[in-house]
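Inspection log for the structure reproduced underneath, given as structure tokens.
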Amino acid sequence: MLTKRFVESVRFFCCALLFLLCSQSYATESNDLEIIKVYQMSLVELMRIQVNISSPFSENLLHAGSSVFVTSREQWQQQTDQQITDVLSHAPSVVSYSTLASSTIAIRGFSNSTSVRGMAVVLDDVPLNDFFFGSSFYDKTNFDLNALNNVEMIRGPSSSIYGSDSFHGAVSLESYQAQNNEVESQLELGQDGLYAASLRASHGLGDITRINVALAGRGLGDQSMNYQYTEPASGELQQGEYAYKKQQQTAVIRILSEPQDRIFYEAGLYYFDYEAEKHPSIGTQFFSGSSLLKNRDWVDSDSRFTLAKFKLGRQLENNISVDAMAYHMQSEIEHDLDFTTLTGNKQVTQGKENKQGLHFNVKQENIRWHTKWYAKFSYDKGKMTDRQTLIVDPSGEILSANKSTAVGRTRSNIAVVLQAKSALLNDNWYLLYGGRWDDFSDIGDQLTPRMGLIYTPNTFHAFKLLYGQAFRPPTASELSGIGISQGDENLKPETIDTIELVYMHQRKTWRTEIVLFYSDWINGIIIGDCKMEDGCDPSKFSGSYQNVSNNRSKGVELIFEGEWQHWFSRDSISFVSSENKDSHIDYSAFPSWILHIDGGYRFDNFGTELYISNSIYLDMTEGPVLSNSSENANKLSTYWRTDLHLNKSMYTNTRAYIDIKNLFDRENFKPALWHNENGLEDIKRLVIVGVEHEF
């Protein structure tokens with residue numbers, strides 16, 4: 001018997017297909033370049049894009065000093081991505097996970113309930129990570145994709161560039177801006193109440209200034225995703241339901257000078273609001289492997305942030321440029337955890353904080369000495385202005401309110417960065433060197449080095465040997481505690497060292513990359529893994545943050561991108577082995593094998609493009625292995641999701657498209673970072689139709 005979801009899928013698909021076929025009557029001959037304007041850039045053009053995340057200087061991928069993954073707006077539209085973590089999950093050795101009504105990623109094997117930490121996120125050069133969580137993945141990385149132009153990521157530590165937050169990697173978000181006057185709008189509709197709408201506009205103000213505006217919003221209705229759990233008392237299998245409801249609004253205003261000016265400036269205002277309802281909560285993490293939350297394992301979230309920045313710079317003689325940037329950010333977040341099956345009440349945690357910074361940068365490309373160098377001085381300060389935990393009964397009455405000891409806590413940081421890249425031996429060898437010195441107001445100072453050697457025998461090949469170190473100080477939540485997770489004021493910073501060996505080969509229409517890596521993570525901060533050999537007593541597990549984790553990870557990544565006439569492809573395969581060095585327990589919630597097999601075809605005569613994405617995860621368990629639960633987490637079946645994107649260019653600069661996520665409606669499960677029993681089911685088949693118009 002046909003299910004309601006299947007009928008909806010067929011109905012959406014047929015309507016969308018009919019719409020595209022009817023639109024053919026508005027298209028003209030294929031040689032009319034104005035009307036068959038293709039919105040997607042070719043892969044050849046994308047491979048020429050300069051990356052900025054690994055260096056203050058724009059570089060191509062062949063010369064980048066880190067393992068970099070770049071995704072343009074055109075590519076994430078092809079991949080049917082709906083959020084930033086969707087985009088990042090297409091990179092090798094990267095997996096996205098659900099966590100506390102949001103989503104996060106884990107890089108190169110290290111996946112646990114604190115995976116939201118240790119990844120720096122910057123938006124137009126402004127660091128977004130907060131002080132309390134040391135992360136932006138609970139709130140700010142839900143920033144709407146339609147307000148962005150580009151997403152770049154470094155896989156591996158990059159503290160020497162982005163500071164302590166970039167422990168496992170760094171993500172750079174570039175918000176919308178254009179070089180010419182334009183206005184474009186986009187509308188999406190899908191099943192289960194899915195919608196998305198955006199407006200992007202750019203307009204020149206005189207000869208030297210341009211204003212860019214992006215307004216975007218999206219939402220998702222009740223998904224009614226069933227989950228199974230074991231009734232603690234009887235041992236029988238029971239069923240609950242996650243709604244996965246969410247909605248968000250994003251606004252960006254950027255005023256920039258035109259690039260040809262010797263004096264350049266930029267001002268930006270950013271606003272973001274996010275709400276989520278009945279997402280997976282903390283599972284069995286604190287309950288010795290038992291599903292005590294039963295059919296109410298839910299968490300709601302409500303967050304927002306505002307940001308203002310101003311940047312002023314000048315281009316000097318001898319290829320020297322200087323600039324200064326100031327910013328101010330305010331954010332607030334609330335998590336509502338449903339504990340009614342335990343206590344009859346809800347636990348609500350609320351927090352507010354602000355963050356300010358002042359950054360000075362100087363850089364030069366010295367032709368005489370074949371050296372690019374960069375110096376930076378920065379001052380950043382974060383303050384917890386409010387943080388409390390409420391106990392609320394089912395009627396909404398507040399039974400108790402406990403203010404956190406984190407309230408009023410501040411952390412300021414002074415940093416000095418020196419980086420250089422010198423060309424040697426007829427410009428075939430490049431030496432990367434430098435480091436960063438940080439002085440924190442509460443934990444002291446830290447020196448982080450960076451080294452690398454790149455050999456380019458010609459314009460097609462590159463061999464790289466890269467070394468990076470990173471450190472991460474304990475966050476305010478780890479020091480003061482949050483909810484039922486106890487803090488520890490005596491926590492020490494954790495450190496990680498990574499060595500990478502890279503080979504790249506790039507031609508005009510294709511490129512390939514092979515990466516070997518090894519990471520050593522010392523003194524890791526986790527939530528009370530009490531089976532370490534340092535005196536921690538598992539019988540007295542308290543759910544507290546502790547320095548009891550020493551880990552290592554190693555693996556290999558293969559990337560291939562190519563274009564042949566009308567065909568194009570973007571593929572990767574990665575193998576990762578990661579474990580705790582003390583307990584020899586694997587990070588089994590991270591797949592050993594990750595495959596992305598993506599490809600498409602352009603029907604130029606019809607102004608149409610078809611793109612299919614395949615994501616495959618092999619060898620993973622339902623969640624991290626916890627010493628306070630079972631050592632043998634259940635294995636998950638192979639995850640294989642196929643997404644389809646079909647778009648058609650139409651008359652008057654209009655593009656219509658169909659996205660089908662999970663094309664074959666396969667039942668896929670991902671690991672649950674909070675050890676929700678059986679893992680978490682991924683999305684069912686979802687059909688989305690959209691239209692994009694440029695005025």
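The values are calculated or read from the model by the stated rules, or taken from the named source; none is laboratory data. Remember, it's a predicted structure, so these values are computed and weren't measured experimentally. Positions of Cβ are generated from backbone atoms using ideal geometry, with glycine treated the same way; all protein chains shown enter the neighbour counts. Remember, those area values only see protein heavy atoms, side chains included, never the ligands or the DNA or RNA. Shrake-Rupley method; radii C 1.70, N 1.55, O 1.52, S 1.80 Å.
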- prompt: Taking one equal scatterer on every alpha-carbon of segment 158-220, how large is log10 of I(q)/I(0) by Debye at q = 0.14, 0.20, 0.29 1/Å?
  reply: -0.68, -0.81, -1.14
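Per residue, how much accessible surface does segment 337-436 expose to a 1.4 Å probe? Answer in Å², no decimals. Don't skip to the end; give the middle numbers.
Working: 5080 Å² over 100 residues.
Here the per-residue accessible area is 51 Å².
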message: With just the Cα atoms defining each centre, how far is segment 91-144 from segment 388-457? Give it in Å.
response: 14 Å
- request: Let me know the charge dipole size of segment 275-376 about its Cα centre in debye, to the nearest 20, where only the beta-carbon of Lys, Arg (+1) and Asp, Glu (-1) is charged.
  value: 600 debye
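Could you pull out the pairs from Lys294/Lys352; Lys294/Lys346; Lys245/Lys684; Lys246/Lys684 whose alpha carbons sit more than 20 Å apart here? Walk me through the intermediate numbers first.
Numbers: Lys294/Lys352 31 Å; Lys294/Lys346 14 Å; Lys245/Lys684 15 Å; Lys246/Lys684 17 Å.
In this structure, Lys294/Lys352 lie more than 20 Å apart at Cα.
Which of the peptides 555-561, 361-367, 124-130 is most tightly packed, and how do the rest follow, judged by the mean count of other Cβ atoms within 10 Å per residue? Working shown, then result.
Details: 555-561: 19.3, 361-367: 16.1, 124-130: 23.1.
Listed from highest to lowest mean packing, they are 124-130, 555-561, 361-367.
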field: Nearest-0.05 FRET efficiency for Phe603 and Ser234, computed from C-beta distance (R0 41 Å)
entry: 0.10
- request: Give the dimensionless ratio obtained when the Cα radius of gyration of segment 214-322 is divided by 2.2 N^0.38 Å.
  value: 1.85
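Using the Cα atoms of segment 413-480 to build a convex hull, what is its mean projected area in square nanometres?
On the way: hull surface 23.9 nm².
Averaged projected area of segment 413-480's Cα convex hull equals 6.0 nm².
Taking all protein chains as present, what is the carbon and sulfur share of the accessible area of the chain, in % to the nearest whole number, probe 1.4 Å?
On the way: 15620 of 27700 Å².
The nonpolar share, carbon plus sulfur, comes to 56 percent.
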query: For the chain, what relative contact order do you get, as a whole percent, if you take Cα pairs closer than 8 Å and at least 6 residues apart?
result: 13 percent
- line: With -39,500 (n - 2.57) per DSSP H segment of 4 or more residues and division by the full residue count of the chain, the 222 nm estimate, nearest 500 deg cm²/dmol, is -1500 deg cm²/dmol
query: If one computes the Cα centroid of segment 211-264 and of segment 286-301, what distance in Å separates the two points?
result: 22 Å
statement: The lysines whose Cα lies under 17 Å from the Cα of Lys635, excluding any fewer than 8 residues away in the same chain, are Lys670
- request: Would you work out which of Tyr651, Phe471, Ser422 lies farthest towards the positive end of the dipole of the chain? Charges go on Cβ: Lys and Arg +1, Asp and Glu -1.
  value: Ser422
field: Label-reachable residues, segment 393-437, where backbone N falls under 15 Å from a point 7 Å from His461's Cα toward its Cβ
entry: 428-429
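Quick one, what does Rg over Rh come out to for segment 314-463 if you take C-alpha atoms and the Kirkwood Rh?
1.24
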- line: Dipole check, segment 434-530, charges on Cβ (K,R +1; D,E -1), about Cα centroid: among Gln446, Phe460, Leu501 the Cα furthest to the positive pole belongs to Phe460
task: Just tell me which lysines come within less than 27 Å, Cα to Cα, of Lys363; anything on the same chain fewer than 8 places away is out.
output: Lys309, Lys311, Lys355, Lys372, Lys376, Lys381, Lys421, Lys464
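Hey, can you rank 306-316, 88-98 by average C-beta count inside 10 Å, highest first? Kindly include the intermediate steps, with their values, before the conclusion.
Numbers: 306-316: 16.7, 88-98: 24.1.
Per-residue mean Cβ counts within 10 Å order the peptides as 88-98, 306-316.
For segment 40-141, report the accessible area per residue in Å² (1.4 Å probe, heavy atoms, rounded to an integer). If you can, show how the numbers build up before the last one.
Details: 1690 Å² over 102 residues.
Roughly 17 Å² per residue, with all protein chains present.
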- prompt: Which residue, chosen from Gln350, Ser331, Phe264, occupies the Cα position most advanced towards the positive end of the dipole of the chain, where the dipole is computed from +1 (Lys, Arg) and -1 (Asp, Glu) charges on Cβ about the Cα centre?
  reply: Phe264
task: For segment 549-695, report the accessible area per residue in Å² (1.4 Å probe, heavy atoms, rounded to an integer).
output: 38 Å²
- prompt: On full extension of the chain, what length is gained from Leu418 through Arg314, given 0.36 nm per residue of separation minus the C-alpha to C-alpha distance?
  reply: 35.5 nm
field: Measure of compaction for segment 430-535 (Cα Rg per 2.2 N^0.38 Å)
entry: 1.51
message: Which order do the peptides 323-336, 177-190 come out in when sorted by mean C-beta neighbours inside 10 angstrom, highest first?
response: 323-336, 177-190
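Which value, in debye to the nearest 20, gives the size of the charge dipole of the chain about its Cα centre, when Lys and Arg are +1 and Asp and Glu are -1 at the Cβ?
Working: 62 positive and 86 negative charges, 204 e Å.
Result for the chain is approximately 980 debye, rounded to the nearest 20.
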- prompt: Based on Cα positions only, what radius of gyration and what Dmax would you give for segment 78-228, in angstroms?
  reply: 17.1, 62
Kirkwood hydrodynamic radius of segment 268-323, Cα pairs, Å: 15.9 Å
